Amino acid sequence: MIKLTINKKEHNVDVDPDTPLLWVLRDTLNLVGTKYGCGVAQCGACVVHLNGEAVRSCVTKVSRAEGKKVVTIEGLSETHTHPLQKAWLDLDVSQCGYCQAGQIMSAAVLLKENKNPTDQDIDDAMAGNICRCGTYLRIREAIHAAAKIQRQDA
Amino acid sequence: MKKRYILPVRTMAILLLLSSLIIFMNFRFKSESLIRNSVVGQAHTEFLKTELNAKDSVASVKAFAEVYKVLMSPRCMNCHPSGDVPLQGDDSHLHAMLPKRGKDGKGLYAMKCTNCHQPTNIEGLNKPPGHPDWHLPPANMKMVFEGRTPNQLAKQLVNPRTNGNKSMQQLIEHADDGLVKAGWNPGEGRTLPPLSHEEFKKVWITWIKTGAYAPPPMKAK
Ligand code: FES
Ligand code: FES
């Protein structure tokens, strides 16, 4: 049994310690907001927070998450009102939506560490999140908007 | 012989002796600094006085030629890039997704090294290789290998101001550093450095213990 804390809730899962965290989230715990894109850390669709860092859950063994705090897109904000979620809705960022959970989870780490990111900071933070629909310009705009909301809320 | 002849001859002899001594000393000093041609820090000088075997510039330079081959192989050089983006693959191309060094060498924001690089290698062809301490050199001491000539790299390695503040003893110990050794466990799809770790350690220590001489300047690789 492996004990996990996901979105502030404790779970005991009976899986091989080498199982990727993504598999446990989606298949064992039915937290399917996090997506599977490439499985080899190349696309960013599977990003979740592990102790506040934007890890790629497709290459993170579940044993690495033991005793740490995991946050998925479902737990980013209990009321789904994280500044990024508000900005994403305001600007209608998503196209097909497949990459967007990963985009938001990566952007959340950026906004936590940099309250007023420049375009360059956004590029540096988001270059590993691929969007096959090409929503990059809206993502950039929404991150700026979310930073503004975050500063106003603070 | 008359006294008036002896005096100038003796003066000449003394002058000759003195000047040859000066020329000899000057030559020694010059050739020493030419061969060494290295920025030697305080720690290095101390080390040379106390710890080194007999200094041997020929053996030292020869050992460094082997050391250089390893340090310039993709497994070492890829994480010692000249820019702020690490290199990747056996052809040392810029790392996909262009992750950046960051201040501490551990990446930036959502693009930190250990977000993808796990404590161990991920099984499978070209999957991310791993180590718990995966990182680049920090921004304030980039310890660049890419593009360095043997002469430049040797000088950089012995100078604590450019080698990560390491003494010569710490440099020797660095051969067994976990991240250094990870180069010999690169994961599927990546070539190994040209020497085994054991062979590398041997030439590395030989280079240092014979005086850590820098080879004469030449063209970059
Ligand atoms: S699914 Fe994990 S990075 Fe693509
Ligand atoms: S919105 Fe379709 S992949 Fe990004």
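Worth pointing out:
- Of residues in the range A:91-105 being assigned to a loop (DSSP other than H, G, I, E, B) and within 18 Å of residue A:148 (Cβ to Cβ), the one nearest to ligand 2 (Cβ to nearest atom): A:93
- Whenever a residue of the range B:65-92 is assigned by TED's automatic domain parsing to the domain that holds residue B:182, its partners that are of a type in the set (Gly, Ala, Ser), lying with C-beta atoms within less than 6 angstrom and at least six residues away or across chains, give the pairs B:74/B:92; B:75/B:183; B:76/B:183; B:78/B:92; B:82/B:147.
- Scanning the range A:72-114 for residues that are of a type in the set (Val, Ile, Thr) and more than 16 Å from ligand 1 (Cβ to nearest atom) yields A:79, A:81, A:93.
- Scan of the range B:108-123 for residues that are more than 9 Å from every other protein chain (Cβ to nearest Cβ) and either crowded, with 19+ Cβ neighbours inside 10 Å or in a strand (DSSP E or B) (or both), ordered by number: B:113
- Residue among B:114, B:191 that is over 20 Å from the mean Cα position of the chain (by Cα) and farther than 24 Å from residue A:102 by Cα: B:191
- Number of positions in the range A:70-90 that are assigned to a loop (DSSP other than H, G, I, E, B) and surrounded by fewer than 19 Cβ atoms within 10 Å (Cβ to Cβ): 5
- Filter result for residue B:186 (surrounded by fewer than 14 Cβ atoms within 10 Å (Cβ to Cβ) and closer than 18 Å to residue B:78 by Cβ): no
- Criterion applied to A:43, A:38 was being hydrophobic (A, V, I, L, M, F, W, C) and either touching a His at 6+ places or on another chain (Cβ under 7 Å) or touching a residue at least 60 places away in the same chain (Cβ under 8 Å) (or both), and the one residue passing it is A:43.
- Boolean, residue A:137 is without any contact (Cβ under 8 Å) to a residue 24 or more places away in the chain and outside any loop (DSSP other than H, G, I, E, B): yes
- Looking only at residues of the range A:12-51 that are under 12 Å from the mean Cα position of the chain (by Cα) and in a strand (DSSP E or B), we find that the one that is surrounded by the fewest Cβ atoms within 10 Å (Cβ to Cβ) is A:50.
The values are calculated or read from the model by the stated rules, or taken from the named source; none is laboratory data. All figures in this text were calculated on a predicted structure; none of them were measured in a lab. Because the Cβ atoms are built from the backbone with ideal geometry, glycine has one as well, and the counts that use them run over all protein chains shown.
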